[in-house]
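The values are calculated or read from the model by the stated rules, or taken from the named source; none is laboratory data. Since this is a predicted model, take the numbers as computed values, not measurements. Cβ coordinates were reconstructed from backbone atoms using ideal geometry, including for glycine residues, and neighbour counts include every protein chain displayed. We work out accessible area using only protein heavy atoms, side chains counted, and drop any ligands, DNA or RNA first. Shrake-Rupley method; radii C 1.70, N 1.55, O 1.52, S 1.80 Å.
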Amino acid sequence: MSVPSDREGSVDRRVRVQGEPVDDYPRVVPEAARGTVRRITVVGEPVLHRRCREVTEFGTPELARLVDDMFATMYVAEGVGLAANQVDVDLQVFVWDCPDDQGVRHVGHICNPVLDEEPSGSRRLVESDEGCLSVPGPYAPVSRPDHAVVRGFDLAGRPLVVEGWGYFARCLQHETDHLYGRLYVDRLTGRRRKAVLREMAERRDEVFARRAARAAAPRG
Ligand code: NI
C-alpha cells in the first residue's frame, strides 16, 4: 500500500472513515448522536473473558443500533476504541475513533475482524502505555507490533480492510483481542497485572463518576 500524500509530499491528514480518506467529518460521529449510552463491563465479568460469537446477520436495525450505542458509550468514557462485549453484547464487533502517530484521525466499525499474521522477521515491536475502558483508571506499558491490518465486514456485510500504524495499530490489536476474550492485562506479568488491578480498585469510582457526569451533560 502506498502512503497517501498531498502536493507538498507530506502525510495526507484527512480523516479516514472505514479506512477511506474523507474531506470533512464531524467531531462527534453521527452514530454517537443517535446512540444511547450503555453500561461498560468490567474485568472479571464472564462476557469479557470468552470469545464472542461471529455476526451472521448483517444489515439489521439491531446491529446498526449496537454500533450507534457503542460510539455513544465510547465518547462518554473518553475511549478511542470499544468492543461489543464491553457493552455486554456477545458479538464480534468493535468501533474506533482513534488518532495515529501522524495525528490522522481514524473512525469506523468492523464485524468479525481477523488480524493479518505479520511475518515475525518484518515485525517491529513497540512498547507503549495502554489502558482499557473495562479496566477503569490505570495504564501499563504493553509491547505490540507498530503495524496492523484487520479484515472483516461492515454493518451491511461488505468486506472491509483497515490498516493502522502506531497508536492506531495498537487500538486495532487491542480491540480484536477483546473479541477473543483477551484483555491487555492478560499480556502483563502476574505481578504487573496485580498492580494494575489494585490501582483500578482505587480509582474506578472516580472514573465512573466522571463518566456519569459526561453522560448527563449535553452532547456537542
Ligand atoms: Ni479495552
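Some notes on this structure:
- Condition met for VAL43 (open to solvent by less than 90 Å² (accessible area, probe 1.4 Å) and touching a residue at least 40 places away in the same chain (Cβ under 8 Å)): yes
- Put simply, of GLU118, GLU127, GLU175 the only residue that is at pLDDT 95 or above and either surrounded by fewer than 22 Cβ atoms within 10 Å (Cβ to Cβ) or in contact with a Lys or Arg (Cβ under 6 Å, 6 or more places away or on another chain) (or both) is GLU127.
- Taken together, the criteria exclude GLU78 from residues that are within 15 Å of the ligand (Cβ to nearest atom), open to solvent by less than 60 Å² (accessible area, probe 1.4 Å), within 23 Å of ALA209 (Cα to Cα) and of a type outside the set (A, V, I, L, M, F, W, C).
- Top-ranked residue of segment 85-115 - restricted to ones that are in contact with a Pro (Cβ under 8 Å, 6 or more places away or on another chain) and open to solvent by less than 10 Å² (accessible area, probe 1.4 Å), ranked as nearest to the ligand (Cβ to nearest atom): PHE94
- Residue in segment 157-164 that is out of contact with any Lys or Arg (no Cβ under 6 Å at 6 or more places or on another chain), of a type in the set (Gly, Ala, Ser), open to solvent by less than 70 Å² (accessible area, probe 1.4 Å) and on the phi > 0 side of the Ramachandran plot present: yes
- Filter result for ARG182 (among the basic types (Lys, Arg), open to solvent by 40 Å² or more (accessible area, probe 1.4 Å) and either under 14 Å from the mean Cα position of the chain (by Cα) or within 25 Å of LYS194 (Cβ to Cβ) (or both)): yes
- Among (1) without any contact (Cβ under 8 Å) to a residue 40 or more places away in the chain; (2) of a type outside the set (Gly, Ala, Ser); (3) within 16 Å of the ligand (Cβ to nearest atom) - the single one LEU125 does not satisfy: (3)
- Scanning segment 46-61 for residues that are among the hydrophobic types (A, V, I, L, M, F, W, C) and open to solvent by 60 Å² or more (accessible area, probe 1.4 Å) gives a single hit, PHE58.
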